[in-house]
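Report on one structure; see the data block that follows.
The values are calculated or read from the model by the stated rules, or taken from the named source; none is laboratory data. Computed from a predicted structure; not experimentally measured. For neighbour counting, all protein chains shown are included, and Cβ atoms are generated from backbone atoms with ideal geometry for every residue, glycine included.
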Amino acid sequence: MAFDIEMIKGVYARMGERISAARQAVGRPLTLAEKILYGHLFEGKPTKPYERGKDYVDFAPDRVAMQDATAQMALLQFMQAGRAQVAVPSTVHCDHLIQAKVGAEKDLAVAKDINKEVYDFLASVSDKYGIGFWKAGAGIIHQVVLENYAFPGGMMIGTDSHTPNAGGLGMIAIGVGGADACDVMAGLAWELKMPKLIGVKLTGKLSGWVSAKDVILWVAGQLTVKGGTGYIVEYFGDGAESMSATGKATICNMGAEIGATTSVFAYDQKMKAYLESTSRADVAAEADKVKDNLRSDAEVYADPAKFYDQLLELNLSELEPYVNGPYTPDLAWPISKFAQAVKENNYPQKLEVGLIGSCTNSSYEDMTRAASVAKQAATKKLKAKAEFTVTPGSELVRYTAERDGLLGIFESIGGVVMANACGPCIGQWARHIDDPNRANSIITSFNRNFAKRNDGLSATRSFVASPEIVTAMVIAGDLTFNPLKDKLINEDGQEVMLDEPVGLEAPSKGYAVEDAGYQAPAEDGSKVQVLVDPKSDRLQLLDPFAPWEGVDLKGLKLLIKAKGKCTTDHISMAGPWLKYRGHLDNISNNMLIGALNYYNEATNKVKNQLDGSYDEVPKVQRAYKAAGIGSIVVGDENYGEGSSREHAAMEPRFLGVRVILVKSFARIHETNLKKQGMLALTFANPADYDKIQEDDSIDILGLTTFAPGVPLTIVLNHKDGSKDEIKANHTYNEQQIEWFKAGAALNIIRQSVAQ
Ligand code: F3S
């Protein structure tokens with residue numbers, strides 16, 4: 001950790017003067033999020049204000065965290081940068097590929113076996129390039145990051161949508177795609193549209209059955225799954241300061257459910273206590289020295305409506321527990337109304353399984369509060385009526401919870417402890433159910449509850465609540481049970497009520513762990529061999545993309561003219577293809593198979609101009625590649641919207657597509673294409689889309705004088721010998737034009753490292 005504390009001191013030293021400069025540039029007091037954002041500009045000291053919701057800004061994050069599924073391509077790409085070490089501290093966490101079937105020990109052994117090649121690759125590439133590696137079983141990325149790396153005022157990106165969890169320790173932590181992680185590790189800037197801000201003022205205090213989880217379940221109900229898009233949510237007020245750091249992390253984690261860029265709390269005594277209890281008193285001491293920089297300016301707290309784009313207020317003393325769902329996390333029911341909702345909507349009343357834990361809710365506080373409920377089953381002569389699983393978020397929490405008898409309490413009511421991994425949260429749950437088509441209800445303390453999310457079954461209605469409410473419901477086996485007012489009948493036929501949960505924010509004997517599952521990187525990675533089996537169908541080392549030939553591109557065949565919506569999922573489908581995410585050649589067999597062909601309104605059926613036949617898009621493109629002929633993809637509006645999947649840009653590049661010409665791009669995909677050395681162009685006149693014909697050979701002219709703001713000329717050579725000449729716009733700046741010429745952004749970095 002010594003390296004980390006020096007890094008953190010450096011961040012705090014820089015932030016001070018940058019915040020003063022930002023206050024001057026913006027001309028008003030700053031909120032916490034603004035302090036952290038302006039404190040992490042790639043350019044250094046702020047010289048001008050950035051308009052929220054409008055300006056794109058280059059940032060320099062302090063850390064990168066990657067989970068095992070998304071790390072594969074990020075690291076394969078990073079290897080192309082030619083660096084000896086990552087540019088910023090980075091970690092890999094093996095958590096997503098472990099299936100929850102029978103229990104921790106056996107499931108982990110199976111996962112290590114079937115994912116061996118992936119784990120070996122990730123361990124060796126981490127070892128070589130100075131990346132901290134957390135083995136399978138060590139824990140879930142966000143919990144491990146919170147326990148070890150998150151720090152107040154820091155900025156982190158992570159290749160997982162719940163990266164904002166670290167906001168519980170006052171960090172701006174944002175979920176990104178693998179390409180962004182690769183760039184930051186390679187030393188490039190990371191671009192983000194300056195977010196707008198939502199303030200949430202919390203007053204009062206949590207008590208009884210109400211927990212931090214209920215705050216975010218309430219917020220989700222207020223803002224809906226789209227309400228946070230493009231916003232950072234800042235929580236503040238006495239209520240915020242009364243909540244544990246891990247409770248704050250739960251709230252920030254689930255900010256992803258309202259689409260928020262991230263969520264954050266200001267540094268306070270609760271964060272200090274958590275840092276100290278997780279062996280980071282040194283970080284707390286440094287944060288104490290700069291605490292005014294780790295919270296909004298006083299004027300913001302005095303008149304928040306003036307500084308936030310939206311403001312919500314919540315009195316924690318008046319909050320009730322919530323149960324959200326099914327199918328969407330913003331369908332928010334206060335528990336007093338939930339029983340009626342179950343009846344009116346015909347949700348299956350019988351609760352079949354309750355699941356607690358995950359990256360969202362597996363803190364020591366969560367475990368003790370849930371255990372205090374579970375314990376009452378024995379004392380009050382109750383038997384749990386539903387199945388029960390427990391997924392600890394990390395080995396640190398699991399080991400400590402076992403030592404303190406908490407896991408034993410869960411097991412006493414039939415709880416099965418799963419591996420410290422994502423498991424049932426991400427469909428990696430081999431659920432035992434008699435009839436997979438039977439409508440049934442489950443409840444989790446996780447974050448997402450979309451159809452099929454947990455067990456892959458569309459008939460399952462999944463609800464979300466706090467771990468203590470889930471545990472109470474497991475005992476009752478009934479979704480209409482409200483532990484605040486309802487009685488249960490025990491084995492002696494007596495009516496009993498469950499007492500309110502009680503918990504501890506931190507273990508009284510301190511945290512303990514025997515083997516946290518961490519592998520530190522080699523001191524000198526130069527001799528470390530990255531392990532990739534050349535015969536693997538899941539992993540493949542990348543070769544650098546070839547540089548531009550230095551001449552105009554002529555005779556490009558039209559591969560497909562896509563009609564209507566073409567998201568990154570249409571370009572590179574997920575589902576079963578995800579298994580090949582580390583193997584560019586294999587995953588390229590899904591290229592554009594979801595796109596609608598303008599000429600025949602079919603998917604995955606395009607004309608091969610070489611022989612006139614119709615075939616699958618990847619096959620036709622491979623035929624052009626084999627013949628040494630480049631091709632062009634034409635698209636409609638907002639091409640490449642959706643998740644920032646880098647494969648959607650890499651696959652066409654890999655298979656020899658040279659140009660993507662569309663009416664308009666989704667910004668992230670356009671940037672991803674540029675990074676891969678592709679030409680991403682837009683019709684100067686969108687109506688020219690109609691001039692593209694199925695048998696066109698297309699020339700791109702003007703590349704030898706390619707310059708920012710200067711349109712390129714496109715000649716459409718039609719089959720009948722006629723031609724059309726049209727103009728194409730682009731948004732390349734000087735640097736991006738260099739990426740194009742070099743063949744990819746990473747090629748430039750490799751060249752500069754080699755010099
Ligand atoms: Fe894993 Fe589910 Fe969290 S997939 S990272 S436990 S949201």
Would you point out the residue of region 709-727, among those that are in contact with a Gly (Cβ under 9 Å, 6 or more places away or on another chain) and either not assigned by TED's automatic domain parsing to the domain that holds Ala687 or not β-branched (Val, Ile, Thr) (or both), that is nearest to Gln609 (Cα to Cα)?
-> Asn717
Provide a single number: the residues in region 31-56 that are more than 26 Å from Leu311 (Cα to Cα) and among the acidic types (Asp, Glu).
-> 1
With respect to Ala430, determine if the residue is surrounded by fewer than 17 Cβ atoms within 10 Å (Cβ to Cβ) and under 19 Å from Gly357 (Cα atoms).
-> yes
Filter region 182-221 for residues that are small (Gly, Ala, Ser) and buried (at least 19 other Cβ atoms within 10 Å of the Cβ); the one that is farthest from Pro49 (Cα to Cα) is Ser211
Can you give me the ranges of the strands (runs of 3 or more DSSP E) entirely in region 649-755 with at least 2 residues that are over 22 Å from Ala189 (Cα atoms), acidic (Asp, Glu) and more than 28 Å from the chain's Cα centre (by Cα)?
-> 723-729
Cβ pairs under 6 Å, 6+ apart, first in region 232-254 and on the phi > 0 side of the Ramachandran plot, second surrounded by fewer than 24 Cβ atoms within 10 Å (Cβ to Cβ) | Gly237/Lys201; Gly237/Thr203
Residue set Ala341, Ala384; condition over 15 Å from Gly139 (Cβ atoms), at pLDDT 95 or above, touching a strand residue (DSSP E or B) at 6+ places or on another chain (Cβ under 6 Å) and of a type in the set (A, V, I, L, M, F, W, C); output residue Ala341
Would you kindly identify the helices (runs of 4 or more DSSP H) lying entirely within region 157-265 that contain at least 3 residues that are within 16 Å of the ligand (Cβ to nearest atom) and closer than 25 Å to Ile141 by Cβ?
-> 212-223, 245-253
Return yes or no: is Val26 touching a Phe, Trp or Tyr at 6+ places or on another chain (Cβ under 9 Å) and without any contact (Cβ under 8 Å) to a residue 24 or more places away in the chain?
-> yes
Say whether the condition of being assigned to a helix (DSSP H, G or I) and in contact (Cβ under 8 Å) with a residue 40 or more places away in the chain is met by at least one residue in region 591-610.
-> no
Lone unmet requirement of (1) within 15 Å of Asn604 (Cα to Cα); (2) in a loop (DSSP other than H, G, I, E, B) for Lys561 | (2)
Take Thr91 and decide whether it is of a type in the set (Ser, Thr, Tyr), in contact with a Ser or Thr (Cβ under 6 Å, 6 or more places away or on another chain) and not assigned by TED's automatic domain parsing to the domain that holds Thr671.
-> no
So the strands (runs of 3 or more DSSP E) completely within region 381-451 holding 1 or more residues that are within 11 Å of the ligand (Cβ to nearest atom) are 387-391, 440-444
Taking region 136-175 and the residues there that are within 10 Å of the chain's Cα centre (by Cα) and surrounded by fewer than 24 Cβ atoms within 10 Å (Cβ to Cβ), the one that is farthest from Gln85 (Cα to Cα) would be Ser161
Are there any pairs with C-beta distances below 7 angstrom linking a residue in region 389-414 that is touching a residue at least 40 places away in the same chain (Cβ under 8 Å) to a residue that is part of a helix (DSSP H, G or I) and among the basic types (Lys, Arg), with the two at least 6 apart or on different chains, and if so which?
-> Pro392/Arg398
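Residue-by-condition table, conditions (1) more than 16 Å from the ligand (Cβ to nearest atom); (2) of a type in the set (Val, Ile, Thr); (3) modelled with pLDDT of 95 or more:
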{"position": "Pro29", "(1), (2), (3)": "yes, no, yes"}
{"position": "Pro46", "(1), (2), (3)": "yes, no, yes"}
{"position": "Ala60", "(1), (2), (3)": "yes, no, yes"}
{"position": "Leu75", "(1), (2), (3)": "yes, no, yes"}
{"position": "Ala81", "(1), (2), (3)": "yes, no, no"}
{"position": "Val86", "(1), (2), (3)": "yes, yes, yes"}
{"position": "Ala111", "(1), (2), (3)": "no, no, no"}
{"position": "Ile114", "(1), (2), (3)": "yes, yes, no"}
Looking at Ala111, is it in contact (Cβ under 8 Å) with a residue 12 or more places away in the chain, buried (at least 21 other Cβ atoms within 10 Å of the Cβ) and in contact with a helix residue (DSSP H, G or I) (Cβ under 7 Å, 6 or more places away or on another chain)?
-> no
Test set (1) surrounded by fewer than 24 Cβ atoms within 10 Å (Cβ to Cβ); (2) away from the ligand (no atom under 12 Å from the Cβ) - Ala69 fails condition number = (2)
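A quick yes/no check of all residues on (1) assigned to a helix (DSSP H, G or I); (2) surrounded by fewer than 14 Cβ atoms within 10 Å (Cβ to Cβ):
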{"residue": "Ser458", "(1), (2)": "no, yes"}
{"residue": "Arg461", "(1), (2)": "no, no"}
{"residue": "Val470", "(1), (2)": "yes, no"}
{"residue": "Lys509", "(1), (2)": "no, yes"}
{"residue": "Ala522", "(1), (2)": "no, no"}
{"residue": "Leu542", "(1), (2)": "no, no"}
Could you look through region 72-103, keep only residues that are of a type in the set (S, T, N, Q) and closer than 21 Å to Gly743 by Cα, and pick out the one that is surrounded by the most Cβ atoms within 10 Å (Cβ to Cβ)?
-> Gln77
Consider Thr480 carefully, then state whether it is of a type in the set (Ser, Thr, Tyr) and assigned to a loop (DSSP other than H, G, I, E, B).
-> yes
Exception for Val102 within (1) of a type outside the set (Phe, Trp, Tyr); (2) modelled with pLDDT of 95 or more; (3) in a loop (DSSP other than H, G, I, E, B) falls at (2)
Residue list for region 634-652, restricted to those being on the phi < 0 side of the Ramachandran plot and surrounded by fewer than 22 Cβ atoms within 10 Å (Cβ to Cβ) | Asp636, Glu637, Glu641, Ser643, Ser644
Among Glu500, Glu549, the single one that is within 30 Å of Trp333 (Cα to Cα) and more than 33 Å from the chain's Cα centre (by Cα) is Glu500
Near pairs, Cβ below 8 angstrom, 6+ apart or cross-chain, from region 415-431 (in the same structural domain as Ser458 (by TED's automatic domain parsing)) to any residue that is assigned to a loop (DSSP other than H, G, I, E, B) and of a type in the set (Phe, Trp, Tyr) = Pro424/Phe446; Cys425/Phe446
Taking Thr391 as the residue in question, decide whether it is over 30 Å from Ile489 (Cα atoms) and buried (at least 24 other Cβ atoms within 10 Å of the Cβ).
-> no
